[in-house]
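A.B. asks: Questions regarding the structure given below will be posed in turn.
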Amino acid sequence: MGLVRLFLGSVLGVLGLLVNAVVLCNGGTTSAFVRQVEKTVDMPLESDVFHVPPGHNAPQQVHITQGDHEGKGLIVSWVTMDDPGSSTVLYWSENSKHKNKAKGTVVTYKFYNYTSGYIHHCTIKNLEFDTKYYYEVGIEHTTRTFWFTTPPEVGPDVPYTFGLIGDLGQSYDSNMTLTHYALNPTKGKTMLFMGDLSYADNYPNHDNVRWDTWGRFTERSAAYQPWIWTAGNHEIDFAPEIGETKPFKPYTHRYRVPYKASNSTAPFWYSIKRASAYIIVLSSYSAYGKYTPQYKWLEAELPKVSRSETPWLIVLMHAPWYNSYNYHYMEGETMRVMYEPWFVKYKVDVVFAGHVHAYERSGSPTISATNHRLIILDDLDLLFMVLTSVIWIWIIFFLFSKSDLDRRWILIVAVATTSIVAVAVVANICDHKSERVSNIAYNIVNGICSPVRDPSAPVYITIGDGGNLEGLATNMTEPQPTYSAFREASFGHAIFDIKNRTHAYYSWHRNQDGYAVEADSLWFFNRFWHPVDDSTSTQ
Ligand SMILES: *[C@@H]1O[C@H](CO)[C@@H](O)[C@H](O)[C@H]1NC(C)=O
Ligand SMILES: *[C@@H]1O[C@H](CO)[C@@H](O)[C@H](O)[C@H]1NC(C)=O
Ligand SMILES: *[C@@H]1O[C@H](CO)[C@@H](O)[C@H](O)[C@H]1NC(C)=O
Ligand SMILES: *[C@@H]1O[C@H](CO)[C@@H](O)[C@H](O)[C@H]1NC(C)=O
Ligand SMILES: *[C@@H]1O[C@H](CO)[C@@H](O)[C@H](O)[C@H]1NC(C)=O
Ligand SMILES: [Fe+2]
């Protein structure tokens, strides 16, 4: 019977479509953007960005970071090469002529046959919120003046804009990333830096001159807005072959963080409040297992976060937990096992990591095999069930009806209804919202080891694409896993723009595009105040 075959054929066709959709929508999007394939090259020592400021013993490598827990303090750091000079900072607010003084300290260090300049650190305290200040470093004929703006007082609805860069290095691409960040029409006010600063350790004997050049290169941003530091693997500088056995020596001498203000016992993990954000910095390269100082600190720290005061809970770390590139694959896994249940429990909004020299954002389409339901239909559940029942009723009529005319009509309606269901299901499966994922159910014996949809989980963003000399990570795992919503191997930076307690707008900007172009973007809905699915407007 022709009609029966036609009918069975169309049912099979529709089933095929469904299976297809499941396969197609298994992971997220791997960007089809094709970039120039050029080797990443470090800028030579004589480059303009490395120029030493004129004058005897002129302060160089000036950089600032937050200096207390709530944003009224600031640490100013700089280097003088010829002699110690002065560690005092003069500072005054925009609308005052009175110059205040803050006294700092000076340190030096040796690394193999390198001797550092005089590294000054000066903490300024009790600044006014939301105020522009000028500050002056150096003495006599070689002083230099910069400025910064303090954040607004901590509060739940204070808008604030963060910039995001990781793994910067000092190549021509690094310079492009910094330029694009500066010229982005959305102005970042504070930089969240995910670790791997200078890459000096890629040079013979970890040539620490490259720490100095990096300091001069980044001054054009870091002297004017705080950079919040995270330690990466290139900060370890562990080189027993040349007698350097104390990890993090250059990094800790050059870059200070306000770790004591958050009761941390080491500068590698700490927290700050800034505007409406609570930022926790973790160390992928310090012990994080149970009973370790970092573990105990984080365990005590998370319950202290008041989302009524700081709605946005942001975590920075170097090695990503959710990464689908063939570089550093699973390096973040042991830390994930230790801390992910806490991140879900305390509803962390977003985790930023670096390390992998590419871009990736977690999240999955609305399908998850491990939820023990093949297709999650959400709000379309009812429609789906009604239409399925209609189809089956028509099939039964079809089998028992006598006239061919009846059968033809029954067939038309059956095929039409089935198609509607199919379209609805396909649309639903492929609805790429940023479904947050977690992977905390596994206990060795239960076999539940795949990430599942979890509205309390953070979004994980890898932004190790600052542009260092090691080049891009282009080799990805295939097929794209369900926990990966979007990935692309391009250099760039991102902006996290907090609007109020419920909304923040996130965008990623690749260096090949115009300054205003968003290559990936997402409305973040706060996990505490507005825990609905985030909406994405990818590409
Ligand atoms: C350090 O030693 C290396 C070789 O081991 C040499 O090339 C370099 O010039 C030395 N640097 C200084 C500052 O002495
Ligand atoms: C780095 O970028 C700045 C700003 O765009 C530019 O003025 C400078 O010439 C660049 N330097 C190098 C070495 O590319
Ligand atoms: C640090 O510990 C002290 C003493 O226990 C406490 O008063 C203070 O509130 C703590 N600070 C933070 C930021 O947790
Ligand atoms: C990509 O990585 C995989 C796994 O490490 C490796 O087997 C493969 O050869 C790599 N492909 C390329 C083109 O490098
Ligand atoms: C928060 O910001 C979003 C985006 O700008 C806006 O749509 C929303 O109305 C704001 N909420 C409140 C309570 O102002
Ligand atoms: Fe790294």
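A.B. asks: Is there a quick way to get the dipole size of the chain? I mean about its Cα centre, with the Cβ of Lys and Arg at +1 and of Asp and Glu at -1; what is the value in debye to the nearest 20?
C.D. replies: The dipole of the chain has a size of about 1120 debye.
A.B. asks: Please list 3J(HN,Hα) in residue order for the range 230-245, calculated via the Karplus relation 6.51 cos²θ - 1.76 cosθ + 1.60 where θ = phi - 60°; whole Hz, with x for glycine and proline.
C.D. replies: 10, 8, x, 5, 6, 8, 5, 6, 8, 9, x, 5, 10, x, 9, 10
A.B. asks: Starting at the first residue of the range 102-110, write each ³J(HN,Hα) from the Karplus equation 6.51 cos²θ - 1.76 cosθ + 1.60 with θ = phi - 60°, in whole Hz, x for Gly and Pro.
C.D. replies: 10, 8, x, 10, 10, 9, 9, 8, 10
A.B. asks: Something else now. Report, by chain and number, residues whose modeled amide H sits under 5 Å from the one on Thr29, excluding near sequence neighbours (fewer than 5 apart, same chain).
C.D. replies: When sequence neighbours closer than 5 places are left aside, the close amide H contacts are Phe486, Arg487.
A.B. asks: Relative to the first principal axis of the alpha-carbon coordinates of the chain, what is the inclination of helix 209-222, with its axis defined by its Cα atoms, in degrees from 0 to 90 and to the nearest 10?
C.D. replies: 70 degrees
A.B. asks: Could you list log10 I(q)/I(0) for the range 168-249 at q = 0.12, 0.24, 0.27 Å⁻¹, which the Debye formula gives when each Cα is one point scatterer?
C.D. replies: -0.38, -1.23, -1.43
A.B. asks: Calculate how steeply helix 2-24 sits against the longest principal axis of the alpha-carbon atoms of the chain, using the helix alpha-carbon long axis, and give the answer as 0 to 90 degrees to the nearest 10.
C.D. replies: The angle comes out near 10 degrees.
A.B. asks: Applying the Karplus parametrisation 6.51 cos²θ - 1.76 cosθ + 1.60 with θ = phi - 60° to the phi angles of the range 314-330, what ³J(HN,Hα) value in whole Hz is obtained for each residue in order, glycine and proline being reported as x?
C.D. replies: 10, 10, 10, 7, 8, 8, x, 7, 10, 9, 10, 8, 7, 10, 6, 4, 6
A.B. asks: Projected area of the range 175-322, taken from the Cα convex hull and averaged over every viewing direction, in nm²?
C.D. replies: Average projection, Cα convex hull of the range 175-322: 10.5 nm².
A.B. asks: When all protein chains stay in place, what accessible area (Å², nearest 10, 1.4 Å probe) is found for Val421?
C.D. replies: Spelled out: Val421, probe radius 1.4 Å, area about 20 Å².
A.B. asks: Report the full-extension gain for the segment Glu153 to Asn205: residue separation times 0.36 nm, less the Cα-Cα distance, to one decimal in nm.
C.D. replies: So the chain would gain 14.2 nm between Glu153 and Asn205.
A.B. asks: Turning to a different aspect of this structure: Please state the relative contact order of the chain as a whole percent: Cα pairs under 8 Å, 6+ residues apart?
C.D. replies: Computed over the chain, the figure is 19 percent.
A.B. asks: So, for the chain, what is the accessible surface per residue at a probe of 1.4 Å, expressed in square angstrom?
C.D. replies: I get 42 Å² per residue for the chain.
A.B. asks: Counting every Cα pair in the range 62-182, what percent are over 23 Å apart?
C.D. replies: 45 percent
A.B. asks: Shifting gears a bit: From the Cα trace of the chain, what convex hull volume per residue do you get, rounded to a whole Å³?
C.D. replies: Taking only Cα atoms, the chain has a hull volume of 170 Å³ per residue.
A.B. asks: Next question, about the same structure. For a quick check: with amide H placed at 1.01 Å from N, whose amide H comes under 5 Å from Tyr112's, ignoring anything fewer than 5 positions away on the same chain?
C.D. replies: none
A.B. asks: What is the local net charge at Trp78, summed over the other residues whose Cβ is closer than 13 Å to its Cβ (Lys, Arg +1; Asp, Glu -1)?
C.D. replies: +1
A.B. asks: Over the range 428-498, with every protein chain in place, what whole percent of the accessible area is carbon and sulfur at 1.4 Å, could you tell me?
C.D. replies: Carbon and sulfur together cover 56 percent of it.
A.B. asks: At a 10 angstrom cut-off on C-beta neighbours, averaged per residue, how do the peptides 118-128, 455-465 rank from highest to lowest?
C.D. replies: Ranking the peptides 118-128, 455-465 by packing returns 455-465, 118-128.
A.B. asks: Leaving out ligands, DNA and RNA but keeping every protein chain, what accessible area does Ser507 have, in Å² rounded to the nearest 10, with a 1.4 Å probe?
C.D. replies: Number for this one is 10 Å².
A.B. asks: Which net charge results for the neighbourhood of Phe248, defined as the other residues with beta-carbon distances under 9 angstrom from its beta-carbon, given Lys and Arg at +1 and Asp and Glu at -1?
C.D. replies: Taking every Cβ under 9 Å from that of Phe248, the sum is 0.
A.B. asks: Quick one: which residues, 5 or more positions from Thr88 or on another chain, have an amide H under 5 Å from its amide H? H modelled 1.01 Å from N in the peptide plane, none for Pro or chain starts.
C.D. replies: Gly104
The values are calculated or read from the model by the stated rules, or taken from the named source; none is laboratory data. Nothing here was measured: the structure is a model prediction, and the numbers come from that model. With ideal geometry, Cβ positions are generated from the backbone for all residues, glycine too; neighbour counts draw on all protein chains shown. Keep in mind that these areas ignore ligands, DNA and RNA; they rest on the heavy atoms of the full protein, side chains included. Shrake-Rupley method; radii C 1.70, N 1.55, O 1.52, S 1.80 Å.
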